[in-house]
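Contents: one structure, followed by commentary.
The values are calculated or read from the model by the stated rules, or taken from the named source; none is laboratory data. These figures come from a predicted structure and were not determined experimentally. Neighbour counts are summed over all protein chains in view; Cβ atoms, including those assigned to glycine, are modelled from backbone coordinates with ideal geometry. Just the protein is used for accessible areas: all its heavy atoms, side chains included, with ligands, DNA and RNA removed. Shrake-Rupley method; radii C 1.70, N 1.55, O 1.52, S 1.80 Å.
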Amino acid sequence: QKELEVSRRMQLSILPAGFPDSANFRVAARYVPMTSVAGDFYDFIVADDRQAGLLIADVSGHGVPAALIASMVKLAATSQRANAGDPARLLAGMNAALRGNTQDQFVTAAYVYLDATSGTLRYSAAGHPAMLLLRHGEVMEIVENGLMLAAFEFATYANTSRALEAGDRLLLYTDGLIEAANAQGDSFGQEALAAVLRETGGLAASAAADQIISAVQRWAASQDDDLTVLICDYIP
């Protein structure tokens, strides 16, 4: 138990404390592990007034083995900071760094780069649930998926780009949210997640993140996976 507590503190130390004060971005993160340590991970690859690079990842499995690989994901992501503005290249570099080093476990991930100077976002993912965009009260999915990380040498990734609009809210999350099941075995699902996101339109990013996690926890009969949420508001 003492070793698990040390491991928990070490794992929390690899997560960013918070997104720095920014003129154009408000970012909130919530991380709720299923056990003392988890396979979920998030990071801010770049974070300043004009740029935000948000990464979320989910290692297959649970507990200590997944947590060990999550620490490797941190190192792989850090090694790709030079590619912060190119999500596809960043994920390809992470895949190369992780491949052959994860004992047959794989990693799903999504990365979005927001540029306030050009007013655009670029997004790419590796076997990860779609990013959601709340704009003017409507929720849309942003999808651009390649193969999961750490599994295939031949995996390739591509970028999708969107123009940003004032008030845009982006949601990155791990599949523990949409796969959370109630007592009848029904999953929370993508539609319910989009509905909760829509309801958060008038809340600050931090309160919105809390509301999303709370909605999933109220639905679920028990927590059977790690839950991680990243919300980013664009304020030009």
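The figures follow:
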| item | result |
| --- | --- |
| The one condition in (1) open to solvent by 60 Å² or more (accessible area, probe 1.4 Å); (2) aliphatic (A, V, I, L, M); (3) in a helix (DSSP H, G or I) that A194 fails to fulfil | (1) |
| Those residues of the range 72-104 which are among the polar types (S, T, N, Q), assigned to a loop (DSSP other than H, G, I, E, B) and surrounded by 19 or more Cβ atoms within 10 Å (Cβ to Cβ), in sequence order | Q80, T102 |
| Residues being open to solvent by less than 50 Å² (accessible area, probe 1.4 Å) and either touching a residue at least 60 places away in the same chain (Cβ under 8 Å) or within 16 Å of P129 (Cβ to Cβ) (or both) - total across the range 216-236 | 11 |
| Filtered residues of the range 164-180 (kept if buried (at least 16 other Cβ atoms within 10 Å of the Cβ) and either touching a strand residue (DSSP E or B) at 6+ places or on another chain (Cβ under 6 Å) or not in a loop (DSSP other than H, G, I, E, B) (or both)) | L164, D168, R169, L170, L171, L172, Y173, T174, D175, G176, L177, I178 |
| Scope the range 113-128; condition buried (at least 24 other Cβ atoms within 10 Å of the Cβ) and either farther than 16 Å from A88 by Cα or not hydroxyl-bearing (S, T, Y) (or both); matching residues | L114, L121, A125, A126, H128 |
| Near pairs, Cβ below 6 angstrom, 6+ apart or cross-chain, from the range 141-168 (of a type in the set (F, W, Y)) to any residue that is surrounded by 14 or more Cβ atoms within 10 Å (Cβ to Cβ) | Y157/A88; Y157/L91; Y157/A92; Y157/S124; Y157/G146 |
| Enumeration of residues in the range 155-182 that are out of contact with any Asp or Glu (no Cβ under 6 Å at 6 or more places or on another chain) and either among the polar types (S, T, N, Q) or modelled with pLDDT under 95 (or both) | T156, N159, S161, N182 |
